[in-house]
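Asks: Here it is, the structure, as structure tokens.
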Amino acid sequence: MYREKKISVVIPCFNEETGIARVISSLPASVDEIVVVDNNSTDNTASVARKLGAKVVRENRKGYGAAYKAGLPAVSGDITVTMDGDGTYPAEQIEECVDFLLDRNLDFVSASRFPLTNSGAMDLSKKIGNGLLTLATLLLFFRGIRDSQSGMWIFRSEIYPRLNPRSDGMPLSEEIKITALRHPDIKFEEYHVNYHPRVGTVKLEMWKDGWENLWYLIRLRFRPIKR
């Protein structure tokens with residue numbers, strides 16, 4: 001428990017046996033529940049996660065969004081925190097982010113990586129791609145956001161049904177944040193965090209995922225907001 005709240009951390013993984021060991025080991029003691037989504041891994045990701053005390057949810061449909069849609073409903077905590085299994089997001093700042101959520105009476109906090117505290121943690125092509133997608137978000141939705149592609153979110157678990165994400169792929173990251181940002185009953189803000197170099201092999205297909213995210217943003221612009 002942290003400030004009388006149970007914290008659940010959800011981590012989607014595809015072949016991250018090295019990274020997931022580091023991520024779980026770095027989580028603060030205040031984390032009550034760890035949900036690792038094994039997204040059809042062919043390595044020892046699931047067994048490593050179980051040995052370190054995580055609850056493992058298997059999702060055979062490949063995709064970042066599919067993994068999260070399997071893992072997020074499985075939490076039992078009051079506050080949900082998401083992280084990648086490659087060690088890039090700062091486990092050491094989880095309590096800091098939860099404090100920000102609670103002290104400002106927010107419902108959803110998106111952890112912004114920009115400006116990067118460690119410029120070497122992200123290569124130039126990804127910096128440009130993230131910048132273009134964040135600019136597209138501003139132009140399409142007329143709302144300022146510093147990091148539309150961040151994979152670390154902190155939110156009150158009770159609001160998840162209102163977010164109702166649909167994407168099975170990488171666009172889920174932008175979708176869930178934009179839905180929270182636009183929803184009239186959800187209080188949304190960003191909070192700056194550190195970003196670390198990844199552990200293991202890069203899975204992102206930059207051009208394919210970038211175009212998919214851009215096209216999804218356009219479609220999302222014309223989707224009605226549901227309360």
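Here, each number is a calculation from the coordinates, and none is a lab measurement. The structure displayed is predicted, hence computed values, not measured ones. With ideal geometry, Cβ positions are generated from the backbone for all residues, glycine too; neighbour counts draw on all protein chains shown.
Asks: Would you mind classifying the stretch 70-120 by shape? Square roots of the alpha carbon gyration tensor eigenvalues, ordered a ≥ b ≥ c; an a/c under 1.5 is rounded, otherwise it is prolate if a/b is larger than b/c and oblate if not.
Replies: On the way: a/c = 2.36, a/b = 1.28, b/c = 1.84.
In terms of gyration-tensor shape, oblate.
Asks: Which listed residue (T82, S173, I159) has the Cα farthest towards the positive end of the charge dipole for the stretch 7-221, taking +1 on Lys and Arg C-beta and -1 on Asp and Glu C-beta about the Cα centre?
Replies: Farthest towards the positive pole: S173.
Asks: With label points built 7 Å along Cα→Cβ from the Cα atoms of K126 and L138, find their separation and express it in nm.
Replies: If labels sit at K126 and L138, their model points lie 2.2 nm apart.
Asks: Could you pull out which residues in the stretch 149-189 have an amide N less than 20 Å from a spot 7 Å beyond the Cα of E212, following the Cα-Cβ vector?
Replies: 149-153, 164-179
Asks: Further question on the same structure: State the number of lysine pairs found in the chain whose Cα atoms come within less than 13 Å, restricting to pairs 8 or more positions apart or on distinct chains.
Replies: Details: K62/K203; K126/K203; K126/K208; K177/K187.
Going through the chain pair by pair, I get 4.
Asks: Now, a different point. Figure the gain on full extension for D185 and L52 (residue separation times 0.36 nm, minus the Cα-Cα span) and round it to one decimal in nm. Walk me through the numbers before you get to the answer.
Replies: Numbers: separation 133, 0.36 × 133 = 47.88 nm, distance 3.72 nm.
Using 0.36 nm per residue and subtracting the Cα-Cα distance, I get 44.2 nm.
Asks: Would you mind counting up the charge near S76? Only other residues with Cβ under 10 Å from its Cβ, with Lys and Arg at +1 and Asp and Glu at -1. Walk me through the numbers on the way to the answer.
Replies: Working: positive: K6, K55; negative: D32, E33, D78.
That sum, taken over residues with Cβ under 10 Å, equals -1.
Asks: Please list the equivalent ellipsoid semi-axes of the chain, computed as the square roots of five times the alpha-carbon gyration tensor eigenvalues, in descending order and whole angstrom.
Replies: Working: eigenvalues 116, 86, 61 Å².
Here the semi-axes work out to 24, 21, 17 Å.
Asks: State which helices in the chain qualify, where a helix is a whole DSSP H run, it must extend 24 Å or more along its own axis by its Cα atoms, and its mean Kyte-Doolittle hydropathy must be at least -1.0.
Replies: Numbers: long enough: 124-141 (25 Å, 1.19).
Sorted by number, the helices that extend far enough and score high enough are 124-141.
Asks: Something else now. What shape does the stretch 85-193 have by the C-alpha gyration tensor, where a ≥ b ≥ c are the square roots of the eigenvalues, rounded means a/c under 1.5, and otherwise prolate means a/b greater than b/c and oblate the rest? Mind dumping the intermediate values first?
Replies: Numbers: a/c = 1.63, a/b = 1.18, b/c = 1.38.
Verdict is oblate for the stretch 85-193.
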